[in-house]
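Here is the structure we will look at.
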Amino acid sequence: MKIYLAGPDVFLPDAIEIGRRKAAICARHSVSGLYPLDNAVDLSAADASLAIFKGNEAMMDAADAIIANLTPFRGPSADSGTVYELGYMAGRGKFCLAYSNDPAVYVERVKRIYGVTQSATGHLVDDDGLTVEDFGLPDNLMMIHTLDLHGARLVTPRQRPADIWHDLTSFEACVALAADRAIGKSN
């Protein structure tokens, strides 16, 4: 089984090392991890962003599954590129797995960043008066139900790890789920 490893990990200062650690975890479970930074792209080229997009899309097309890191990135929700990749894979009928190293429900994470109050109609709203989604889910309902219907429930730790970007415990739980599925399909 080939698994596309999506997430904002590619923006970390040690992104290559994180990719190596994730690939090694995959190998220990007898699956293959496809990490976006495995693509060789000349970042100084005029079309570098398009080359990255096409390379990642080709990796996703070659993969059987995705493990998406939905740990909140630059805000209360998951990285937008990762969310696109999760939807892309679900739309192609691929097995979808994801984890978040922040176990808080979405509305609580929004409250950490924005003022949230109750409107006259009883809905929670942010500082701009926009409704805050409050279904008791860990992130936007579209992502969570994509996982429910196209793979497995979002994996989260009981407590937020000290280092949300380098703790790979929840990632490894996703790899184990994927490996179990691969074994089940081969029997």
Report summary line: Across (1) free of Cβ contacts under 8 Å to residues at least 24 places away in the same chain; (2) more than 30 Å from ASP180 (Cβ to Cβ); (3) surrounded by 12 or more Cβ atoms within 10 Å (Cβ to Cβ), TYR84 clears everything bar (2)
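Does region 100-116 contain at least one residue that is under 24 Å from ALA27 (Cβ atoms), open to solvent by less than 50 Å² (accessible area, probe 1.4 Å) and either among the β-branched types (Val, Ile, Thr) or more than 16 Å from the chain's Cα centre (by Cα) (or both)? Break it down stepwise before answering.
Narrowing region 100-116 to residues under 24 Å from ALA27 (Cβ atoms): 100-101.
Now narrow it down to the ones that are open to solvent by less than 50 Å² (accessible area, probe 1.4 Å): 100-101.
Subset that is either among the β-branched types (Val, Ile, Thr) or more than 16 Å from the chain's Cα centre (by Cα) (or both): none.
No; the residues of region 100-116 include none that is under 24 Å from ALA27 (Cβ atoms), open to solvent by less than 50 Å² (accessible area, probe 1.4 Å) and either among the β-branched types (Val, Ile, Thr) or more than 16 Å from the chain's Cα centre (by Cα) (or both).
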Report summary line: Taking region 129-170 and keeping only residues that are of a type in the set (Gly, Ala, Ser), more than 13 Å from the chain's Cα centre (by Cα) and closer than 23 Å to ARG20 by Cα, one is left with ALA162
Query raised in the report: Between residues in region 111-124 that are over 18 Å from PHE135 (Cβ atoms) and residues that are open to solvent by less than 100 Å² (accessible area, probe 1.4 Å) and not in a loop (DSSP other than H, G, I, E, B), which pairs lie under 9 Å by C-beta distance while being six or more apart or on different chains?
Result: THR117/LEU124; THR117/VAL125
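Give the number of residues within region 117-127 that are among the hydrophobic types (A, V, I, L, M, F, W, C) and open to solvent by 80 Å² or more (accessible area, probe 1.4 Å). Walk me through how you get there before you give the answer.
Within region 117-127, the first condition is being among the hydrophobic types (A, V, I, L, M, F, W, C), and the residues that meet it are 120, 124-125.
Retained after the next criterion (residues that are open to solvent by 80 Å² or more (accessible area, probe 1.4 Å)): 120.
Total meeting the criteria: 1.
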Query - Residues located in region 141-170, provided they are assigned to a loop (DSSP other than H, G, I, E, B), small (Gly, Ala, Ser) and buried (at least 16 other Cβ atoms within 10 Å of the Cβ) - result: ALA152
Query raised in the report: Out of curiosity, is ARG74 part of a helix (DSSP H, G or I), open to solvent by 10 Å² or more (accessible area, probe 1.4 Å) and more than 19 Å from CYS174 (Cα to Cα)?
Result: no
Query raised in the report: If we keep just the residues of region 43-71 that are of a type in the set (Val, Ile, Thr) and either in contact with a helix residue (DSSP H, G or I) (Cβ under 7 Å, 6 or more places away or on another chain) or part of a helix (DSSP H, G or I) (or both), which is most open to solvent (accessible area, probe 1.4 Å)?
Result: ILE52
Requested in this report: State the number of residues belonging to region 1-31 that are in contact with a strand residue (DSSP E or B) (Cβ under 9 Å, 6 or more places away or on another chain) and surrounded by 14 or more Cβ atoms within 10 Å (Cβ to Cβ).
Outcome: 15
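When you check GLY184 against the structure, is it among the small types (Gly, Ala, Ser), without any contact (Cβ under 8 Å) to a residue 12 or more places away in the chain and in a loop (DSSP other than H, G, I, E, B), yes or no? Break it down stepwise before answering.
On the way: among the small types (Gly, Ala, Ser): yes; without any contact (Cβ under 8 Å) to a residue 12 or more places away in the chain: yes; in a loop (DSSP other than H, G, I, E, B): no.
Criteria not met by GLY184.
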Query raised in the report: Among the listed residues ILE25, ILE18, ILE66, which satisfies the condition of being touching a residue at least 60 places away in the same chain (Cβ under 8 Å) and within 15 Å of LYS94 (Cα to Cα)?
Result: ILE66
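The values are calculated or read from the model by the stated rules, or taken from the named source; none is laboratory data. Just so we're clear, the structure is a prediction, and the values are computed from it rather than from any experiment. Cβ sites come from the backbone with ideal geometry, for glycine too, and all protein chains shown count toward neighbours. These accessible areas exclude ligands, DNA and RNA; they are computed on the full protein's heavy atoms, side chains included. Shrake-Rupley method; radii C 1.70, N 1.55, O 1.52, S 1.80 Å.
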